[in-house]
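The values are calculated or read from the model by the stated rules, or taken from the named source; none is laboratory data. Everything numeric in this text was worked out from a predicted model, so none of it was measured. Ligands, DNA and RNA are excluded from the accessible area calculation, which covers all protein heavy atoms including side chains. Shrake-Rupley method; radii C 1.70, N 1.55, O 1.52, S 1.80 Å.
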Amino acid sequence: MIEFDCKVIQAALLSMATPDLRVQQEFYQRLLGQDPAVEIANRYIEFRLTGLRLGIYSSHHPDFQAGLGSLSLCLQVTNLDAVMDGLAEAGIPTSPVRIASHGREIDLQDPDGNRIVIHQPSQEFWSRLRLPEPSNPRLE
């Protein structure tokens, strides 16, 4: 077993490769309603969300190619209906709403085929995780 001291970690981010950075940038700008916080021309973009830095980089290396379903990104929201209205206005297609004990959710795919789940948690979700329901989440 490898011993690793997690206290040395300064930050964490989700970073994904894409063969077409411009297409992914346009998609995520529409989806998130914001421009990248960081942009290195034709190489790297980064979006900053509550609790997540999402980095997307251009790669043509065979070990770092996007593949259908290679990533599933879950975004928790406080008002799924409002998000669905915004996605419809932006022309982003989604699945029908699914209802489960953990809440209501929809999903969609980015241009590289990565799954994005947009989830409005139920009270049962928070109690199962033994976490208090957030009082003022930013992502809506």
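Solvent exposure of the stretch 29-133, expressed per residue, is 59 Å² of accessible area, with all protein chains present and a 1.4 angstrom probe. On full extension, the segment bounded by CYS74 and GLN123 gains 15.9 nm, given 0.36 nm per residue less the C-alpha separation. Multiplying the residue separation of GLU26 and ALA11 by 0.36 nm and removing their Cα-Cα distance gives an extension gain of 2.8 nm.
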